[in-house]
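Below: one structure, written as structure tokens.
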Amino acid sequence: MHIPIPNAAAIGQVVRASRKVQKIRQDDAAGSIGVSENFLGKIECGGETVQWGKLFQVLEGLGIRVMVDVPESVAAYLNDPANHKDKGKGKP
């Protein structure tokens, strides 16, 4: 199911709901994912200054897949090899 994410609080709600549906306590989820309970709590509360790498670690650990809906022109740009001069480092 696609859910719009307009801000940090919305992604926090998704993370919390995903954990709750799986019936995992916050401390257990944090431990199994490899982040602190404090960090997981910060995400769930919509903290706006979290580390991207750890955020994606949490999302993956809870089975949440992230996709970005971009205009066709952006997709075309990203799919054009001529725009990737850095040889695959992930930064077009």
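The values are calculated or read from the model by the stated rules, or taken from the named source; none is laboratory data. If you're wondering where the values come from, they're calculated on a predicted model, not measured in any experiment. Glycine also receives a Cβ, built like all others from the backbone with ideal geometry; neighbour counts cover every protein chain displayed.
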Scanning the range 66-76 for residues that are outside any helix (DSSP H, G or I) and either modelled with pLDDT under 95 or β-branched (V, I, T) (or both), which turns out farthest from Q22 (Cα to Cα)? V70
Filtered residues of the range 45-65 (kept if surrounded by fewer than 19 Cβ atoms within 10 Å (Cβ to Cβ) and assigned to a helix (DSSP H, G or I)): W52, G53, K54, F56, Q57, L59, E60
Considering only the range 19-59, state which residues are of a type in the set (D, E, K, R), within 16 Å of I5 (Cα to Cα) and at pLDDT 95 or above. E44
Out of L40, L62, sole residue that is in contact (Cβ under 8 Å) with a residue 40 or more places away in the chain, within 18 Å of R16 (Cβ to Cβ) and either charged (D, E, K, R) or out of contact with any Gly (no Cβ under 6 Å at 6 or more places or on another chain) (or both): L62
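Yes/no per residue for (1) part of a helix (DSSP H, G or I); (2) surrounded by 10 or more Cβ atoms within 10 Å (Cβ to Cβ); (3) within 17 Å of the chain's Cα centre (by Cα):
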site	(1), (2), (3)
Q13	yes, yes, yes
S18	yes, yes, yes
K23	no, no, no
I43	yes, yes, yes
L78	yes, yes, no
Select from the range 25-41 the residues that are of a type in the set (G, A, S) and surrounded by 12 or more Cβ atoms within 10 Å (Cβ to Cβ) and write down the one among them that is farthest from A9 (Cα to Cα). G31
A82 is checked against (1) surrounded by fewer than 10 Cβ atoms within 10 Å (Cβ to Cβ); (2) free of Cβ contacts under 8 Å to residues at least 24 places away in the same chain; (3) outside any helix (DSSP H, G or I) and fails just one. What number does that condition carry? (3)
